[in-house]
Amino acid sequence: MTPDQAFAEMVTQGDIALDKLAECARRWPDKTFIHYGEDGVKLTFAQFADMTDRFAGGLLAAGVKPGEAVSVLTRNSLVSALAMFGIWRAGCLFAPINFNFKGPQLSYQLADTKPAALVTDPSFVEILTEIGAEACPPRLVIHAPKSGDHDHTGATFPSAFNNAALLDFGALCAHETKAPPVSPGPFDLANICYTSGTTGPSKGVLQNFRWINQYTFFLRAFASEDDVIYCDLPLYHVGGAFALLARAVWRGNTVGLWDRFSPMQFWERIAEVGATYAILLDVMTPWLLGAPPSDKDRANTLAMVHMQPLPPNHHEVATRFGIDFVTAGFGQTESGNPFVGVIDELGNEEGVPATSRKSHSKAAIRALCEKLGVLVVDGATKLPTGFMGKPSPLLEVAILDEDDNRCPPGVVGQLGIRPRFPGLLLQEYFKKPEATLKTFRNLWFHTGDACAEMPDGSGVYRFVDRMGGFFRVRGENVSSFEVEALISRHPKVQATAALPIPAAEGSEDDIVAFVQPVAGATPSEDEIREHARAVMPKYMIPKHIRFVEALPVTPTNKVEKYKLKQQIAKELGL
C-alpha cells in the first residue's frame, strides 16, 4: 500500500472518534460497547452515547466552555471512559492525570493545565487537600461510589472544598439536556496528555482528532465487528484510552474494561467477555508465564496480542496460550504508532478453534496484511532484539546522528519522524514553544529514542535504548529529572542522580538513585525512602539508593552517569 493509498483509507474510515461512536449507536444500538468487569456493568452503544451526550450538556450548563480543558483523576475506568467521550462531546479537551501522582507532580499538572473542571472521586480528597486551594480547579465533578460498588470506601467530599463548585458525576450523566451538536474537524484539539520530561517538568502533548485516527489505524486494521477488546491499562495512558478504548468505535467492538491488570484473574476476565485482543506490556508476560502450565492454557479466545516492547519469549507465550498472531511496533504520546509488524506465531495451526473464533480467520488476516503492505514474519524465526517491524506508510522515518544527518543501516542513532500528511503528529507541547521548536528542529520530530535500521536491507527497524533522561518502569515512562527533583527536596540532600539498570523481572528498568548529602548531614536510606513514598508514586521510588560524597561531573558540571552506572553494575554483578 502506497502512502497515498494508506492515507486515503485512513481518512475514509473517519477521523473523528465522536462521529464513529454516533455511527455505532445508530448501527448497533443494543450491542454492548462497555462491559465493566469491576462491577458487572454493561452499557450498549446507545446507552453510552446518551450518557456522554448528557454529561456534556451538564458540563456546559455548569459553565464549562468549549475549548477549555477538563482533567480526569480517578482509578475507575468506566468513569474515565464516559468522561473522555463526554468531554469531547462538550467541545472540550480531555486532560487525563496519572492517578498515582501526588504532591508536586499533581499540583504542577493542574497548575499547568488550568482545567475548567476536574473529574475525580472521594479517594483523592486527602491528596487534593494536600496540594492546596491554589491548584484546585473551579469545578469538581465527583464520582460517588455506591454501597456495593468495588470502589466504595465510605469516604465523601466535604460539602465545601477549596471554594470549588461540586457537581455529581452520576447526575451529569443523566442531565436533562444534551449538549448541542458539535462537528470537530481533524485538526481540532482533542487531548492534553502529559509525557515525562527529561530536562524539565513533564510536558503536555496537544493531540488533535486525526492523531487518534493515525495512532489506532494499524492497531484496528485486523479487527472484525465481532472482535472483543480486553482493556486493563489505565485510561490516563494513550495505550488504554486510545489504542484499546477509542479504537473500538471504528469497528463497533465490545470492550471488556477493568481498572488494573491482575495476573491471577487475567484468564477469567478473558473468558468473561470472550476477548479476542489484548495488549501485554513487559512485566505482564513473565507474570502470566509464571503460572503452572495447564492443559487448559489454550482454552481461551485470544487470537491476537500486541506486545510492547516485544519480549524475546513472545513465541513461547503464543505457543503456550494458543495466540495466533502477535503484533509489535513503537508507541509514543507525541508520534502515535509509526511502526507495525505482524508475527505469525503458529503457522497453519489454529490457536483459536473455528467454533469459538470471533476474529477474522488466519487466512483473512494474512490477506489484510498483504493488502496493507504490513510485514509478516514467522514466529519461530529469531527476531532482532527490539524488533519494531517496518515504518507506517503514513510517516517518514530516519535514524539521525547528532547533526541530524541520516545514519546508514546498522548504525544506531536517534529515531526521527516526519508526517507525510497533515495532522498526524502532536500539534505542539502545551505552553512550551521552545520545547516544541527544539524537538522539531531541522523539520524532524526527535523521539528521544535510540534505534537502528537492520543492515540486511529488509527495511526492518529495531529499538536499542532510550537516549537518556527517562526510563521504563512497570509500564510507566519515568523521568530522571522528576526522580532527582523530588528526592532533592529532602532537606539533607544536596544533589541526586537517577539512572536505570535492567529490572530484576521483565525487560524494563529498575531505578537507582545516587544521593549526595548536604555537607555535614548523614541521611539514612530509610529516611530517603520514607520521603520518596510521601512525594512520588510507588513505581517511581528507586529500588536502589546509594550515597556518595560527591557526584562525578564533567568540567561543565554535567553528571557523569556512566561512571555511576559502571559502579552499580559492578556492585550488583550486572
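The numbers here are math on the coordinates, done by the rules we state, and not lab data. Predicted model only: the values in this text are computed from it and were never measured. Neighbour counts are summed over all protein chains in view; Cβ atoms, including those assigned to glycine, are modelled from backbone coordinates with ideal geometry.
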Quiz item: So what are the ³J(HN,Hα) numbers for segment 500-506, from phi and the Karplus equation (6.51, -1.76, 1.60; θ = phi - 60°), rounded to whole Hz, Gly and Pro as x?
Solution: x, 10, x, 5, 5, 9, x
Quiz item: What is the ratio of the Cα radius of gyration of segment 290-350 to 2.2 N^0.38 Å, where N is its residue count, to two decimals?
Solution: 1.25
Quiz prompt | Phi-based couplings in Hz for segment 86-97 (Karplus 6.51, -1.76, 1.60; Gly and Pro marked x) | solution = x, 5, 4, 5, 7, x, 9, 9, 6, 10, x, 10
Quiz item: Tell me, what is the percent relative contact order of the chain, built from C-alpha pairs under 8 Å that lie six or more residues apart?
Solution: 12 percent
Quiz item: Got a sec? Charge dipole of segment 472-572, +1 on Cβ for Lys and Arg, -1 for Asp and Glu; which of Val518, Leu551, Ala532 is way out at the positive end?
Solution: Leu551
Self-check item: Along each principal axis, Cα extent of the chain, largest first, Å
Solution: 70, 65, 51
Quiz prompt | Helix-only mean residue ellipticity at 222 nm for the chain, each DSSP H run of n ≥ 4 adding -39500 (n - 2.57), per residue, nearest 500 | solution = -8000 deg cm²/dmol
Quiz item: Residues with amide H under 5 Å of Val205's amide H, sequence separation 5 or more or different chain, H placed in the peptide plane at 1.01 Å from N; which?
Solution: Cys193, Tyr194, Thr195, Phe430
Self-check item: Cβ-placed point charges (K, R +1; D, E -1), dipole of segment 472-572 about Cα centre in debye, nearest 20
Solution: 160 debye
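Counting other C-beta atoms within 10 Å, which of Glu530, Glu525 has the fewest, and how do the rest follow?
Details: Glu530 11, Glu525 14.
The most exposed by this proxy come first: Glu530, Glu525.
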Self-check item: Order by protection proxy (mean Cβ within 10 Å, highest first), peptides 393-400, 295-302
Solution: 393-400, 295-302
Quiz item: For the peptides 61-68, 341-348, what is the packing order when you average, over each peptide's residues, the other Cβ atoms within 10 Å and list the highest mean first?
Solution: 341-348, 61-68
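When you count, for each residue, the other Cβ atoms within 10 Å and take the mean per peptide, how do 507-514, 537-544, 229-236 rank with the highest first?
Numbers: 507-514: 21.9, 537-544: 17.0, 229-236: 24.4.
Averaged packing, sorted descending, gives the order 229-236, 507-514, 537-544.
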Quiz item: Using modelled backbone amide H atoms (1.01 Å from N, in-plane), which distant-in-sequence or interchain residues come within less than 5 Å of Cys407's amide H?
Solution: Ile399, Leu400, Asp401
Quiz item: Using modelled backbone amide H atoms (1.01 Å from N, in-plane), which distant-in-sequence or interchain residues come within less than 5 Å of Met467's amide H?
Solution: Asp449, Ala450
Exercise. Please pull out the direction-averaged projected area of segment 396-465, using the convex hull of its alpha-carbon atoms, in nm² to one decimal place.
Key: 5.1 nm²
Self-check item: Sum of side-chain charges, Leu486 neighbourhood, beta-carbon under 15 Å (Lys, Arg +1; Asp, Glu -1)
Solution: 0
Exercise. Would you mind checking the pairs Lys31/Lys431; Lys538/Lys565; Lys382/Lys570; Lys358/Lys390 and listing those with alpha carbons more than 32 angstrom apart?
Key: Lys31/Lys431
Quiz prompt | Per residue Cα convex hull volume in Å³ - calculated over segment 219-391 | solution = 111 Å³
Exercise. Could you grab the Rg to Rh ratio for segment 17-183? Cα atoms only, Kirkwood for Rh.
Key: 0.96
Practice problem: Could you give the size of the charge dipole of the chain about its Cα centre, using +1 on the Cβ of each K and R and -1 on the Cβ of each D and E, expressed in debye and rounded to the nearest 20? | Solution: 560 debye
